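Undergrad: Here you go, one structure.
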Amino acid sequence: MKAFLRVILNILEIHVPAVSIFVLFLSMFLQVVLRYGFKHPSPELFEISSYTFVWTVLLGAALANRYKNHIRFDIVYNKLPRKARLIIDIVFDSLFSILLLISLFPVVKQSIWYRIIKSEVLGIPWTYLVICLPLMMILITIQNGLSVYRNVLELLKRPVKSSGE
């Protein structure tokens, strides 16, 4: 089960954003070529780049959270003893996960509602654009849960595996 979860997390946090950023750069490159090389801009490529940008940023945020590489003001935090840092991490990861879980249902509900709005050119429902937000929330909650688990084990002096496995 652990290996299966890791594979799913890797697909959603690494591979989907990688494909998304590839499509983003390809569509942007083609936009430039069409606009300036052939004097024929493509609104379809603009929509594709907009969708892929949102997916890349939000799923990239989940990946940054996985490796704790997000921006933090940690000047004081880094000066604290390891035990105090573990407690702070446990508290903040738990609180943030609780907030994400509380807001998850309304966000999913709103994301599904967006199916009635379609993109201007391609006619793609906005649900496909905004569904990555609840997906990011779920991924961050899972990663925070794993982080809290590892931190509690370390606090209790039990062996801990690294977060980047």
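Undergrad: Does the range 67-75 contain at least one residue that is more than 30 Å from F29 (Cα to Cα) and touching a helix residue (DSSP H, G or I) at 6+ places or on another chain (Cβ under 8 Å)?
TA: Looking for residues that are more than 30 Å from F29 (Cα to Cα) and touching a helix residue (DSSP H, G or I) at 6+ places or on another chain (Cβ under 8 Å), one finds at least one in the range 67-75, hence yes.
Undergrad: Can I ask one more? How many residues are farther than 19 Å from F46 by Cβ and under 14 Å from the mean Cα position of the chain (by Cα) when one looks only at the range 105-141?
TA: Qualifying residue count for the region: 10.
Undergrad: Restricting to the range 26-66, count the residues that are assigned to a helix (DSSP H, G or I) and more than 19 Å from the chain's Cα centre (by Cα).
TA: Step one: of the range 26-66, the residues assigned to a helix (DSSP H, G or I) are 26-37, 43-66.
Of the ones still in play, those that are also more than 19 Å from the chain's Cα centre (by Cα) are 26-37, 43-47.
Total meeting the criteria: 17.
Undergrad: Out of R35, R115, I need the residue that is surrounded by fewer than 17 Cβ atoms within 10 Å (Cβ to Cβ), more than 30 Å from L146 (Cα to Cα) and in contact with a strand residue (DSSP E or B) (Cβ under 7 Å, 6 or more places away or on another chain). Which one? Steps first, please.
TA: Details: R35 fails: in contact with a strand residue (DSSP E or B) (Cβ under 7 Å, 6 or more places away or on another chain).
Answer to the check: R115.
Undergrad: Just name the residue that is nearest to the chain's Cα centre (by Cα) out of those in the range 1-10 that are assigned to a helix (DSSP H, G or I) and surrounded by fewer than 17 Cβ atoms within 10 Å (Cβ to Cβ). If you could, list the steps in order and put the result at the bottom.
TA: Here is the first cut: in the range 1-10, the residues assigned to a helix (DSSP H, G or I) are 2-10.
If we keep only those that are surrounded by fewer than 17 Cβ atoms within 10 Å (Cβ to Cβ) as well, we get 2-8, 10.
Details: K2: 20, A3: 20, F4: 19, L5: 16, R6: 15, V7: 16, I8: 14, N10: 12 Å.
Selected residue: N10.
Undergrad: Out of R85, R150, R66, I need the residue that is surrounded by 12 or more Cβ atoms within 10 Å (Cβ to Cβ), over 19 Å from F53 (Cα atoms), without any contact (Cβ under 8 Å) to a residue 12 or more places away in the chain and of a type in the set (D, E, K, R). Which one?
TA: On the way: R150 fails: without any contact (Cβ under 8 Å) to a residue 12 or more places away in the chain; R66 fails: without any contact (Cβ under 8 Å) to a residue 12 or more places away in the chain.
So the residue among R85, R150, R66 that is surrounded by 12 or more Cβ atoms within 10 Å (Cβ to Cβ), over 19 Å from F53 (Cα atoms), without any contact (Cβ under 8 Å) to a residue 12 or more places away in the chain and of a type in the set (D, E, K, R) is R85.
Undergrad: Looking at the structure I just gave you, is A18 among the small types (G, A, S), farther than 21 Å from V152 by Cα, touching a residue at least 60 places away in the same chain (Cβ under 8 Å) and part of a helix (DSSP H, G or I)?
TA: Answer is no for this residue.
Undergrad: Related question: Can E13 be described as part of a helix (DSSP H, G or I), more than 18 Å from the chain's Cα centre (by Cα) and touching a residue at least 24 places away in the same chain (Cβ under 8 Å)?
TA: No, not satisfied.
Okay, residues lined up against (1) among the polar types (S, T, N, Q); (2) free of Cβ contacts under 8 Å to residues at least 24 places away in the same chain:
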residue: I131; (1), (2): no, yes
residue: M137; (1), (2): no, no
residue: N144; (1), (2): yes, no
residue: R158; (1), (2): no, yes
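Undergrad: Would you tally the residues in the range 88-105 being in contact with a Leu (Cβ under 8 Å, 6 or more places away or on another chain) and without any contact (Cβ under 8 Å) to a residue 60 or more places away in the chain?
TA: Result for the range 88-105: 1.
Computed from the coordinates by the stated procedures, all read-outs in this text should not be read as laboratory data. Here the structure is a predicted model, which means the values were calculated and not measured. Positions of Cβ are backbone-derived with ideal geometry, glycine not excepted, and every protein chain shown enters the neighbour counts.
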